[in-house]
There are 2 protein chains.
Amino acid sequence: MQKITYLDKPVYIESFSAVGGLEESRGPLGDKFDLIDEKDLFGMKTWERAEGEMSRLALNIALNKNKLSPDDLDILVAGDLQNQCVASSGGLFTFGIPFLGLYGACSTCTEGLLVLTAMLTASKNYSRGASVTSSHNCAAERQFRTPIEYGAQRTPTSQWTATAAGAFILGKEKSDIKITSFMPGRVIDGYVKDQSNMGSAMALAAYDSIAAYFSENDPSRFDLILTGDLGSVGSSILEEMLCEKLGENGRTISSLHKDAGLLLYDLKNQDMHAGGSGCGCSASVLSSLILPKVKSGEYKRIALLSTGALMSTGSVGQGDHILGVAPLIVIEGEDL
Amino acid sequence: MQKITYLDKPVYIESFSAVGGLEESRGPLGDKFDLIDEKDLFGMKTWERAEGEMSRLALNIALNKNKLSPDDLDILVAGDLQNQCVASSGGLFTFGIPFLGLYGACSTCTEGLLVLTAMLTASKNYSRGASVTSSHNCAAERQFRTPIEYGAQRTPTSQWTATAAGAFILGKEKSDIKITSFMPGRVIDGYVKDQSNMGSAMALAAYDSIAAYFSENDPSRFDLILTGDLGSVGSSILEEMLCEKLGENGRTISSLHKDAGLLLYDLKNQDMHAGGSGCGCSASVLSSLILPKVKSGEYKRIALLSTGALMSTGSVGQGDHILGVAPLIVIEGEDL
């Protein structure tokens, strides 16, 4: 059985930022990003280093928004999609903040917020920390599939790895957005071997976490249930499962469900196939679109489940199934 | 400044296990492992799947030692060296335990115990969880360097990635070993670009964490300060730095220092060059050699710093420095 942690003392989201590239600027959230580089290189010579630099810029912007310095942060958690998560360690080590590296594939945004919340709660003398997550389309494509220069044909179920990073500064002092509960989620066999069909692989994990959380929580108290990057294929699988298996509750959840991978791009006019994906997808949608709406009071309570497909080119090559995971956190507005 | 978390309520190590391969069985700790497969394959067809199976076996053994079932665990944290940490997710998902994936390279054993301690402390309704870490020599060699079948010449500074896994079950009920404090450690530039000289790259991070922790703690209260896998090269750099920079305290720490990479193998008679390494190195040394000595009272208080070299073949290929990280936890015997 999955246990949900309801925090006696919430942890507050003090500051957040979104950094993105060309396609992200062309999407409906383009003008909500804090920084865009239409060259996708952020001044670096390789896509891989560009991703690390995006992470660095995102954290810098989040710090500056709240007039904080790196010394004000007691702990930094971060992750990305590159082998051995080198974008996070390489991009962020110059801040000199105590560091925990995470790997949750595209679920890392929620996993990071969850682990950071736990670290702040567990440690009396921590007052503030940051979670940073990134992905880069060109770095991911050449690592997981083929370099984009090859111009490989993409299948209709494939998703577009976002070139984006999001940074979130959390603390114990009261502010207008708070994290009130969390649940890590189980690793679920997605019964899919096609790395161009990640949405299907992750839909079962999203369903598993949603079913567990809402077995003891009323979905009608929520304004939004946001998954990370199921895209159009995974979202329709999830919504069908919810309606079929969870009755009235499932239909309520389904009506409240949106997917960050379907919010980041204009799917009609951008060539994204089944939608956006990547660690940076839910991170940048959360900070550019969702948290401002929590801050303004438009959303009073939301559940966030970034979704991760746990696989490597090696595991797919050896015929392993793609596994999914969907950690969940609840974010609420604070009446100040 | 790095903040140390001293726990009001310690978290207890209830059960632990070590699984290893041929070279591990030949080393001085061989007869202390719970399970050895001299074929290194653990019944699987590939080295990569063998690593996942090692993780599964290690957790199963740790559960059985304490007559626990997977349902008794509220949370599982795990990590390994394979791209996208697929050994951990692939090997452990069948347990169905809520999961957090970590990436701290060879520091993952300590990082996992640290994050698990924080999760148990932060969540009132978690009573018990597990941390599992693994590495496999043949999977690591063909991923990071060359397949072992090529018979490439190894340099004198190179280390031997352990084929080993360790599992640790932690809980809140009093038992005879406890974790009392932790400090995540910063990511430190190792100023090394040679992936066959990891010990040097990690020595600076180990020094950074040790200097921070013992700036406010008396090393003479410790019986052992165990690093993860600095090997002979990194250990001598660390000990020289300690003696030169930290005066009397540094000499005390140096005299208490041992390295798991120098304990796992018989360096005179096994062809390991500078010593053992890998996520499984410190994990298996901790569970086979060290924790039994804490349990018996031979060690009253130890500091564990598994050391991680944060790099990928891509980052090394692009000329990036290898970064180091050394999270620290303190383990003590409990007078029952």
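The values are calculated or read from the model by the stated rules, or taken from the named source; none is laboratory data. In this text the structure is predicted, and so the values were computed from the model without any measurement. Positions of Cβ are generated from backbone atoms using ideal geometry, with glycine treated the same way; all protein chains shown enter the neighbour counts.
Scanning the stretch A:21-52 for residues that are within 14 Å of chain B (Cβ to nearest Cβ) and either closer than 21 Å to A:Ile177 by Cα or not hydrophobic (A, V, I, L, M, F, W, C) (or both) gives A:Lys45, A:Thr46, A:Glu48, A:Arg49, A:Glu51, A:Gly52. Since B:Gly190 meets every condition but one in (1) in a loop (DSSP other than H, G, I, E, B); (2) modelled with pLDDT under 95, which condition does it not meet? Against the list (1) in a loop (DSSP other than H, G, I, E, B); (2) modelled with pLDDT under 95, B:Gly190 comes up short only on (1).
If you scan the stretch B:313-335, which residues turn out to be farther than 22 Å from B:Ser17 by Cα and in contact (Cβ under 8 Å) with a residue 12 or more places away in the chain? B:Thr313, B:Val316, B:Gly319, B:Asp320, B:His321, B:Ile322, B:Leu323, B:Gly324, B:Val325, B:Ala326, listed by residue number.
Checking A:Glu332, A:Glu298, A:Glu244, A:Glu240 one by one, the residue that is acidic (Asp, Glu) and surrounded by 19 or more Cβ atoms within 10 Å (Cβ to Cβ) is A:Glu332 and no other.
Of the residues in the stretch A:63-122, how many are among the acidic types (Asp, Glu) and facing chain B (nearest Cβ under 8 Å)? Total satisfying the criteria: 3.
For B:Ala152, are the conditions met, namely being among the aliphatic types (A, V, I, L, M) and at pLDDT below 95? The answer is yes for B:Ala152.
All of (1) touching an Asp or Glu at 6+ places or on another chain (Cβ under 6 Å); (2) within 9 Å of chain B (Cβ to nearest Cβ); (3) surrounded by 24 or more Cβ atoms within 10 Å (Cβ to Cβ) hold for A:Ala18 with one exception: (2). Does at least one position in the stretch B:181-193 carry a residue that is under 30 Å from B:Tyr126 (Cβ atoms) and among the small types (Gly, Ala, Ser)? Yes, the stretch B:181-193 contains a residue that is under 30 Å from B:Tyr126 (Cβ atoms) and among the small types (Gly, Ala, Ser). Which ones in the stretch A:69-85 are touching a Cys at 6+ places or on another chain (Cβ under 8 Å) and in a strand (DSSP E or B)? Selection gives A:Ala78, A:Gly79. Summed over the stretch A:312-336, residues that are of a type outside the set (A, V, I, L, M), more than 19 Å from the chain's Cα centre (by Cα) and away from chain B (no Cβ under 14 Å) total 3.
Filtering B:Ser284, B:Ser254, B:Ser232 for residues that are within 19 Å of B:Ala309 (Cβ to Cβ) and surrounded by fewer than 24 Cβ atoms within 10 Å (Cβ to Cβ) leaves a single hit, B:Ser232. Taking the numbered list (1) within 30 Å of A:Lys3 (Cβ to Cβ); (2) in a helix (DSSP H, G or I) in turn, B:Ala50 passes all entries but (1). Here A:Ile210, A:Ile188, A:Ile169 are screened, and the one residue that is in contact with a Lys or Arg (Cβ under 9 Å, 6 or more places away or on another chain) and crowded, with 22+ Cβ neighbours inside 10 Å is A:Ile169.
Entry remark, the stretch A:233-285: residues being modelled with pLDDT under 95 and acidic (Asp, Glu) number 1 in total.
A quick yes/no check of all residues on (1) farther than 22 Å from A:Leu289 by Cα; (2) assigned by TED's automatic domain parsing to the domain that holds A:His273:
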site	(1), (2)
A:Ser134	no, no
A:Arg142	yes, no
A:Glu149	yes, no
A:Pro156	yes, no
A:Phe182	no, yes
A:Gly185	yes, yes
A:Val192	yes, yes
A:Ala203	yes, yes
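Tell me yes or no: at least one residue of the stretch A:164-180 is at pLDDT below 95, among the aromatic types (Phe, Trp, Tyr) and either closer than 29 Å to A:Leu7 by Cα or not in a strand (DSSP E or B) (or both). No, because not a single residue in the stretch A:164-180 is at pLDDT below 95, among the aromatic types (Phe, Trp, Tyr) and either closer than 29 Å to A:Leu7 by Cα or not in a strand (DSSP E or B) (or both). Taking B:Met1 as the residue in question, decide whether it is modelled with pLDDT under 95 and either surrounded by fewer than 21 Cβ atoms within 10 Å (Cβ to Cβ) or not assigned by TED's automatic domain parsing to the domain that holds B:Asp208 (or both). For B:Met1, the condition - modelled with pLDDT under 95 and either surrounded by fewer than 21 Cβ atoms within 10 Å (Cβ to Cβ) or not assigned by TED's automatic domain parsing to the domain that holds B:Asp208 (or both) - is met.
Only one of B:Ala139, B:Ala167 is under 18 Å from B:Glu51 (Cα atoms) and away from chain A (no Cβ under 12 Å); which? On inspection, the qualifying residue turns out to be B:Ala167.
Scoring A:Thr157 on the criteria (1) closer than 24 Å to A:Leu22 by Cβ; (2) facing chain B (nearest Cβ under 7 Å) leaves a single failure, condition (2). Of the listed requirements (1) in contact with a Cys (Cβ under 8 Å, 6 or more places away or on another chain); (2) farther than 22 Å from B:Leu120 by Cβ; (3) of a type outside the set (Phe, Trp, Tyr), B:Leu102 misses just one: (2).
Within the set B:Ala303, B:Ala274, B:Ala309, the sole residue that is small (Gly, Ala, Ser), under 17 Å from B:Ser235 (Cβ atoms) and within 14 Å of chain A (Cβ to nearest Cβ) turns out to be B:Ala309. Which of the residues spanning the stretch A:193-215 are in a helix (DSSP H, G or I) and aromatic (Phe, Trp, Tyr)? Answer for the stretch A:193-215, where residues must be in a helix (DSSP H, G or I) and aromatic (Phe, Trp, Tyr): A:Tyr207, A:Tyr213. Working carefully through the options A:Arg154, A:Arg145, find the one that is surrounded by fewer than 24 Cβ atoms within 10 Å (Cβ to Cβ), touching an Asp or Glu at 6+ places or on another chain (Cβ under 9 Å) and of a type outside the set (Val, Ile, Thr). From the options A:Arg154, A:Arg145, the qualifying one is A:Arg154.
I'm trying to understand the selection: among the residues of the stretch A:85-102, which are closer than 10 Å to A:Cys279 by Cβ and not hydrophobic (A, V, I, L, M, F, W, C)? The one that is closer than 10 Å to A:Cys279 by Cβ and not hydrophobic (A, V, I, L, M, F, W, C): A:Ser88.
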